[in-house]
Each structure stands twice: as C-alpha cells, then as structure tokens.
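Novice: Just dropping this structure here.
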Amino acid sequence: MTSASVIVICLAYILGLLMTAVPYGGYGVLGLGVAIAAILSLPLPVRFRNLRNNFKPAIWLTAGAIGLLASFYLQWRTPTPGPDDISQFLSLVNPENQEQVATVSGKVLSTNGLTRSEKVRLWLKPTHLQIVVAEKETKDERNSDLDSYCSVEEEVSVEEPETKLFKYDCQVSGKLYVTVPLLQGTARYPGQLLTVTGRLYEPQVAANPGAFDFKAYLAKEGCFSGLAGRYITASESGGQESWGLWQIRRRIVKSQARWLGVPHGPLVSAMVLGRRAVDLPLDIRDDFIQVGLAHVLAASGFHVAIILSLVQVLTSRFSDRLKLGNGTTVLIAYVCLTGGSASVWRAAFMGFGALLAPVMQRRVNPLGCLLLAAFVLLLINPLWIWDLGFQLSFLATLGLLVTSPAVMKRLDWLPTAIASLIAVPIAATIWVLPLLLYVFSQISTYSILVNIITSFLIAGITMGGFISAVLGAVWPLAGSAIAWLLYYPVGLLILIVRFFSRLPGSLISTGTLSLVQMLILYGLIIFLWSVPWWHKGRRWVWAFLFAIALIIVPVWHRQTTVLQVTALQTNGQPVLVIQDRGKVTLINSGDQNTARYTILPFLRQQAINQIDWGIATSSPGSRSGWYLIMDQVRVRNFASTGTLNATLTSVVQDRNASYQVLPVGEILPAAGSTSVKLLQDRPALVELTIGDRTWLWLEERNQSEQNQLLQHKSLPGTQGKPLQVLWWSGEPLKADLLMALNPEVAIATSENIDEETAAILTEANISIYSTERDGALQWKPDSGFVSAIENTDGSDSFF
C-alpha cells in the first residue's frame with residue numbers, strides 16, 4: 001500500500017468520526033468514497049490519469065467503508081449507563097425534598113481540585129447506595145424494576161403514619177461526580193474507600209444560551225449523576241494509601257510550593273504537570289486564560305519538547321537505541337504523571353517518532369507523523385475526536401508545521417531568533433482561532449503580544465520547573481531549593497499577565513461563530529496554504545480581510561437590526577437582557593454565580609462588549625453579580641432602587657459609570673426604545689416600556705400590599721394602558737389584581753407557580769411561562785416568546 005493510500009484511509013477514518021455529528025453522516029462518507037471510485041473508473045483525460053494511478057478506485061471504496069465503520073465504532077464506544085448504573089436509581093430521588101439524603105460507598109478514582117465555591121471534587125466508583133424513600137404506595141406498586149439490585153425494608157413514618165418509608169439498599173456501578181466541603185475532602189487520594197452522604201441529583205442541561213452544559217460534560221466522562229456530599233466517612237479497610245503516580249505528583253507539588261509559596265509554587269507545578277494535576281488559584285488561572293496563555297498551563301508539545309531536550313543533553317554520549325529507550329521511558333512516565341490527556345499523548349507520540357527516526361535511519365515527515373498520531377490515538381479512544389484539548393493540540397501543531405515557515409519567510413529581515421518568537425504564536429493562532437471563536441465566542445486581544453514577550457521567561461521557568469520536579473521526586477529538599485531560584489522570574493511572569501489581563505479590551509466578545517462560518521474560515525486557511533499563487537506579494541491580505549469581514553459583518557448586522565428581550569433562568573432571581581438595535585439594557589445581576597455562569601456567557605454569545613444601562617431593582621442582598629459583570633464588561637450608565645452599598649458604589653465609580661437612584665414615578669429613558677419607571681420602591685414595582693410593549697416587574701407582596709396596589713393610579717392595565725407581560729416570582733396573586741392587570745403573558749421566575757394563580761391565568765387565556773421550568777425565554781416582535789435554547793441557531797444572521 002502506497003503512502004498516498006495510507007493518507008486517504010487515515011483521513012477517511014477521522015472524517016467518519018467527525019461526521020457522527022450529522023445524522024447518517026457515516027453513510028455520507030461511504031457515498032463519497034463510492035462516488036470518487038466511480039469517477040476514477042471512467043475514462044479520464046490524460047492529465048488526470050496520474051491521479052488514478054496514485055489513488056486507485058479500490059482505495060476510495062475501502063476508505064468509504066472505513067469511514068462508515070468509524071461512525072459505528074464511535075457510537076459503540078460512547079458511554080451509556082448500564083442497568084445497575086447509579087444514575088438508574090435517580091427515580092428514587094425526590095428533587096423537591098432537599099432533606100432527602102443518599103449514602104454512597106465506593107472507591108475514589110481521582111481527585112479533581114476545587115470548585116469556585118471552595119468544594120473538593122472527586123470522581124467516585126460507586127458500589128453501594130442507601131436511600132430512604134417516602135411513598136404512599138406499597139412497595140409492589142413502585143420501583144419494582146429495581147428489586148433485582150436492591151433490598152427494600154418497609155417502615156412507618158413517625159410524622160405521617162399514612163406515609164410508608166422504604167429503605168433501599170442497592171448494589172450499584174458506574175461513575176459518580178462528587179463535591180464535598182473543603183474540610184471533608186482534604187487529603188483524599190485515588191484508591192481510597194469512602195462512604196459519602198449527601199444529595200443525589202441528575203445533572204442539568206444548559207438552560208441559557210452560551211451556558212455550560214454540565215450534563216453533556218459529565219456524559220463525556222462516562223458519568224450520568226452527581227452527589228452533593230455533606231460529609232465523608234473513610235472505610236477502615238481503605239485507610240492505607242496504595243502506591244501510585246499520584247503520590248509522586250503530590251510529592252513534586254509539595255516540594256515546589258515549600259519555599260515558593262502560593263501562588264508561585266502551584267503555578268510552577270501547573271507549568272510542569274498541567275493545571276489538571278494542581279490546585280492552581282482560580283484568579284491566576286483566569287488571568288492566564290484571558291491573555292491567551294492557557295496552553296502554558298496544559299501539558300502539551302511545548303513541555304514534551306523541553307523534556308526531550310533534557311534527555312538529549314543527558315544522553316548525548318549514548319547510542320541512538322539507548323536514547324530511544326531512555327526517551328520513551330521518560331515520555332511514558334510524563335504522560336502518566338500528568339494524567340494522560342489527549343494533547344500530551346499527541347505530543348508524546350510525535351516525540352517518540354523523533355526518537356525513532358535516527359534508529360530507523362530515516363527522516364521524519366512531520367505532517368505524516370501528525371496524521372498517524374491522530375489516527376492511532378483516535379483508534380485507541382475515538383471519543384477524543386470531540387475533546388477540545390485534542391482538537392486544539394493538533395490544529396496548533398499543524399499551524400506550526402505548515403504556516404510558521406511562511407511567516408518566518410516574511411520576517412527574514414529580522415534575526416532568526418526574534419522572527420521565530422513572532423512566527424510561532426502567529427502560526428498557531430491562525431489555525432486555532434476559528435475553533436476558539438466557535439467554542440468560546442471571544443478573542444484574547446493581546447494574546448500574540450503576550451506570547452512573544454513572555455516566551456523566553458516561560459521557557460526558562462518551565463525548564464527550571466522540570467529540573468526541580470525531577471529532584472523533588474527523589475529528594476524534596478533539593479527540589480525546593482531549585483524551585484526557590486524561580487521565585488522572581490515567576491513573580492515577573494505573574495506581573496506581566498496581570499497587567500495585560502486588566503487592560504481595557506483584553507477580551508472581546510465576538511458572538512457565537514456558526515458552524516458554516518468556521519468551516520469557511522478553515523477552508524480559506526487550507527486554500528491559502530495549499531495554493532502557491534496566494535504566497536506571492538500581498539495577495540494573502542485580501543484573504544485576511546475577507547476572514548475579518550466574515551466574522552464581523554454578521555455580528556454587526558445582527559446587533560444593528562435585532563430587537564429582543566431575554567429572560568434568563570437564574571434560580572429564581574429576576575434577570576432581563578434587552579437588546580435594542582445595538583443598545584443593551586441589563587436588569588439585575590443576581591449573585592456572583594449567576595453573573596459568572598449565566599449572564600456573562602450569554603453576553604459573550606451575543607457579542608455584547610458594552611452595557612448601555614445597568615439597572616438594579618432587586619434587593620441589596622442580590623446585587624453581588626454586578627462586581628463581576630463590571631469587571632469584564634463596560635457599563636456606561638447605572639441606576640438602582642435605593643442607594644448602593646459602599647463597595648458597589650466604589651466599583652461603579654472606578655468604572656467611570658454614570659450613576660443615579662431611580663426616582664419613584666419618573667420615567668428613565670434607558671437604551672434604545674427602552675424606558676424604566678419605578679412605580680413603587682420596597683417591594684419594587686417596575687414598569688418597563690420596550691418599543692410598544694409594556695412589561696411589569698412585580699416583586700413579592702403579601703395580600704395587604706396587593707390590595708394597596710389596586711389603588712395605584714399608574715398601574716398598567718388599570719388606566720387604559722394595556723399590559724403585555726407580567727413578570728413575577730410565581731407567588732400567590734389575588735384574582736382581582738390579576739384581572740385588573742390583565743396581561744397577555746405571565747412569566748414566573750420560580751418553577752413552582754401558585755396553583756390558584758395559575759388556574760386564574762389559564763381560565764383568562766393568559767399564556768404562562770416559567771424560566772426555571774422552560775429555561776431562558778426570548779421575545780422578538782416577529783416571533784413572540786420562544787425558548788432561548790431553541791433559538792440559538794443564528795436565525796438572525798447571514799448564516
């Protein structure tokens with residue numbers, strides 16, 4: 001088989017995996033192979049006969065079949081819950097009963113650092129589940145399908161004698177995502193036997209546009225349920241630590257942190273072992289990601305190159321075979337030590353190829369080696385095809401191989417060392433940027449500049465970190481001494497990163513790139529690389545301008561034409577985003593978790609880099625999200641019901657935002673055609689006019705306050721002014737108040753809407769929505785209210 005045939009088959013396998021994103025995509029690959037084979041079987045002009053000689057029809061038929069088999073292989077390898085997987089027992093859990101607890105016993109698979117709420121994350125292999133279920137049915141009427149895995153004991157509730165309690169004792173399997181309080185999770189290690197008591201839950205899908213899909217993330221890890229642990233009991237039989245590479249990793253991390261302290265020590269460890277292996281402070285991690293240095297904290301080809309350089313220096317007098325043996329041993333140890341991510345496996349595979357070439361007395365074909373690495377790794381684990389680290393690693397490496405030489409040629413007027421510093425980040429960025437825009441909807445403005453400035457510093461720290469790690473694994477005190485020498489270089493690196501991360505516009509939201517746009521951009525990059533005509537003169541500039549227009553024009557068109565209102569799902573906190581032809585008004589921020597995981601991702605997805613009006617109508621205790629929002633997005637004007645606390649006032653002043661207290665009874669012209677009128681303070685009653693639509697935010701009120709509200713002279717719906725949307729908490733509302741308001745639509749911020757209120761609204765033919773039940777809701781003049789998740793197909797854009 002010729003090398004050309006091998007290339008076709010490898011590409012067909014990878015394409016077959018990718019096409020699983022499309023229904024029956026594998027059959028499409030098969031059809032493509034059959035079509036090309038059929039064309040090549042026809043009489044061809046003389047100039048195309050060479051093509052048939054190199055790529056025989058049989059090869060294309062084989063490639064098509066392999067593409068189809070690849071799609072079946074991926075489906076077969078995709079994790080699914082077994083019949084006794086712990087997620088199958090979620091039917092025993094009552095989501096409304098927060099006091100119901102489950103006790104799960106199992107073995108720790110790995111520890112996964114801290115969450116932002118300072119809880120320890122664990123992956124647990126469960127073996128045993130105990131849970132008490134309160135039911136009014138008999139045992140035979142419910143959950144009988146679980147009897148083969150569970151023993152059930154029937155008890156009687158002391159509080160409610162008519163309710164029976166069933167204690168389920170089940171043998172389970174699978175994988176469980178566990179979070180526990182910091183003190184409970186400290187000093188846990190892989191292999192330890194634990195019993196965790198807490199609340200068992202089903203992971204939720206993304207309910208807001210741009211939000212993180214927690215359920216999909218866990219499913220990729222082969223996990224389909226989670227446990228919010230409250231306390232842990234270690235099994236007596238699992239008290240002895242079993243040996244593992246995790247112990248060496250912990251030894252290295254402790255050695256480097258001993259004299260470097262925090263955050264210097266964990267940062268050096270993360271630069272050597274990758275941030276997944278280290279509890280790196282979140283602010284440091286966020287700053288590195290923001291300035292485009294995330295790759296520094298991920299074990300990758302850069303780290304493997306340094307390792308091989310050290311091996312080559314130490315074994316320079318050895319034969320090529322000994323170099324191969326030593327280098328391979330070190331690579332395998334490093335891969336295992338870092339946790340074996342897809343990117344480090346890719347780098348190790350190519351590093352092995354570089355070590356093998358002298359032994360085989362052959363030159364390495366970098367592109368062929370990269371393709372073979374992709375094929376072999378995806379053969380071992382086809383699920384890596386959707387791993388973002390795997391995708392970015394291969395794209396960045398491809399950019400260095402095919403684009404870096406062209407950029408170096410353009411910079412031949414500079415010294416080679418300086419030209420290389422500039423060419424490497426530019427080449428890698430060109431190939432990874434479309435994917436980053438597609439996934440994260442934002443661009444790091446100073447990424448290339450920061451990479452150039454810090455390249456020597458990062459290389460020196462990483463090299464010193466490796467030496468410190470090797471010594472620390474053997475003699476911790478020596479490792480600490482070497483790490484201490486890196487204190488000032490690490491401090492300088494942190495200073496540079498923090499400086500650039502705090503510059504205005506360090507991150508620019510671009511909106512979600514559509515799949516069509518991303519494919520066009522990659523097609524353009526491949527076209528520029530493969531067609532020599534574009535390499536002459538400045539012809540590439542036209543392609544660059546076209547790529548910029550392809551990204552910017554659809555965003556500009558959408559922002560200048562769209563009028564939409566989005567009510568976000570925010571765990572009962574009222575948050576509204578109004579986009580009015582390029583002008584943005586944000587009503588409320590919620591707490592910091594709401595801002596970080598809901599509002600900011602939505603703003604990025606919508607390419608919103610500036611809020612024209614931020615308005616706080618919620619209680620002072622629910623405004624902490626504004627700190628985070630103002631730290632990342634410019635807010636030009638700010639208004640609130642009541643005065644702000646000193647901290648938030650300082651933040652508003654530091655951001656040079658114009659501030660005012662919402663006056664009762666006066667209309668505040670906000671962004672675009674939006675206006676805000678505070679009808680009552682505490683509890684808040686806010687009238688929003690959006691175009692020709694009137695919204696009313698009704699904060700929770702008791703019966704007496706609702707009676708007083710009926711006497712309000714400016715209440716929408718009572719003075720001949722129709723009310724289109726009532727926005728309230730889902731609390732009980734009096735029938736006469738509802739009839740007076742007479743809205744067209746009612747939106748509750750709570751999942752549990754008062755039954756009597758819902759019945760009145762239903763009888764009056766008023767549409768009822770719940771953001772907690774239905775997810776985020778979007779309103780547009782032409783389509784009315786729709787689920788925001790269903791409306792993320794880019795229907796407003798050119799694509």
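Novice: Give the Cα extents of the stretch 523-566 along the principal axes, in whole Å, largest first.
Specialist: Computed over the stretch 523-566, the largest-to-smallest principal extents equal 48, 17, 9 Å.
Novice: Still on this structure, I have one more. So, R0 is 22 Å and r is the distance between the beta-carbons of S658 and R116; what FRET efficiency does that work out to, to 0.05?
Specialist: Computed FRET efficiency for S658 and R116 comes out at 0.10.
Novice: To continue, here is another question. Grab the other residues whose beta carbon is less than 14 angstrom from that of K583, score K and R as +1, D and E as -1, and report the net.
Specialist: Residues close to K583 contribute a combined charge of +2.
Novice: Still on this structure: Let me check against my output: what whole-number percent is the relative contact order of the chain, with C-alpha pairs under 8 Å and at least 6 apart?
Specialist: About 8 percent, as a whole number.
Novice: Next up: Alpha carbon centre of the stretch 525-543 versus the stretch 72-109: separation in Å?
Specialist: Value for the Cα centre distance between the two parts: 52 Å.
Novice: Sticking with this one: Just the projected area, averaged over all directions, of the convex hull on the alpha carbon atoms of the chain: how many nm²?
Specialist: Averaging across all directions leaves 42.1 nm² for the Cα convex hull.
Novice: What percent of all Cα-Cα pairs in the stretch 418-537 falls into each 10 Å bin, going from 0 up to the bin containing the maximum distance?
Specialist: The percentages, shortest bin first, are 12, 27, 28, 21, 10, 2.
Novice: Need the C-alpha centroid separation for the stretch 449-512 versus the stretch 645-665, integer Å.
Specialist: 38 Å
Novice: Once phi is turned into θ = phi - 60°, what whole-Hz ³J(HN,Hα) does the Karplus curve with 6.51, -1.76 and 1.60 give for every residue of the stretch 427-443, x standing for Gly and Pro?
Specialist: Per residue, the Karplus-derived 3J(HN,Hα) values read 4, 5, 5, 4, 7, 9, 4, x, 5, 4, 5, 5, 8, 9, 6, 7, 10 Hz.
Novice: What's the carbon and sulfur percent of the chain's accessible surface, probe 1.4 angstrom, rounded to a whole number?
Specialist: Answer for the chain is 60 percent, counting heavy atoms of protein chains only.
Novice: What share of the DSSP beta bridges in the chain is antiparallel, in percent to the nearest 5?
Specialist: 75 percent
Novice: Could you sort the peptides 723-734, 337-348, 637-648 by per-residue average Cβ neighbour count (10 Å cutoff), highest mean leading?
Specialist: With the highest mean Cβ count within 10 Å placed first, the list reads 337-348, 723-734, 637-648.
Novice: Here is a further query. Explain nothing, just the number: relative contact order of the stretch 266-318, from Cα pairs under 8 Å at least 6 residues apart, as a whole percent.
Specialist: Result for the stretch 266-318 is 35 percent.
Novice: Here's something else I'd like to know. Just to confirm a number: summing +1 for Lys and Arg and -1 for Asp and Glu over residues other than V120 whose beta-carbon lies under 11 angstrom from that of V120, what do you get?
Specialist: Charge balance near V120 sits at +1.
Novice: Looking at the chain, which Cys residues are left with no other cysteine's beta carbon under 4.7 Å from theirs?
Specialist: Result for the chain is C10, C223, C336, C369, no neighbouring Cys Cβ within the cutoff.
Novice: Which whole-number percent is the relative contact order of the stretch 438-554 (Cα, under 8 Å, 6+ apart)?
Specialist: 34 percent
Novice: Please report the antiparallel percentage of DSSP beta bridges with both residues in the stretch 558-665, rounded to the nearest 5.
Specialist: So the antiparallel bridges amount to about 45 percent of the total.
Novice: Can you give the Rg and Dmax of the stretch 371-443 based on its C-alpha atoms, in angstrom?
Specialist: Here Rg and the maximum Cα pair distance are 14.6, 45 Å.
Novice: Provide T510, T570, T80 ordered by accessible surface of protein heavy atoms (probe 1.4 Å), highest first.
Specialist: The residues order as T80, T510, T570, largest area first.
Novice: Can you check what the net charge comes to around C369, using other residues whose Cβ is under 15 Å from the Cβ of C369 (Lys, Arg +1; Asp, Glu -1)?
Specialist: Neighbour charge sum, excluding C369 itself: +3.
Novice: So what are the ³J(HN,Hα) numbers for the stretch 463-477, from phi and the Karplus equation (6.51, -1.76, 1.60; θ = phi - 60°), rounded to whole Hz, Gly and Pro as x?
Specialist: Ordered by residue, 3J(HN,Hα) equals 4, x, x, 5, 4, 4, 5, 4, 5, x, 5, 9, 9, x, 5 Hz.
Novice: Moving on to the next point. Along the charge dipole of the stretch 472-609, pointing to its positive end and built from +1/-1 on Cβ of Lys, Arg, Asp and Glu, which listed residue (I587, I508, W475) has its Cα farthest out?
Specialist: So the residue we want is I508.
Novice: P(r) tail for the stretch 705-787, what percent of Cα pairs lie past 18 Å?
Specialist: 42 percent
The values are calculated or read from the model by the stated rules, or taken from the named source; none is laboratory data. All values derive from a computational prediction rather than experimental measurement. Methodologically, a virtual Cβ is constructed for each residue, glycine included, from the backbone with ideal geometry; neighbour enumeration extends over all protein chains shown. Just so you know, the surface numbers come from the protein's heavy atoms only, side chains and all, with ligands and any DNA or RNA stripped out. Shrake-Rupley method; radii C 1.70, N 1.55, O 1.52, S 1.80 Å.
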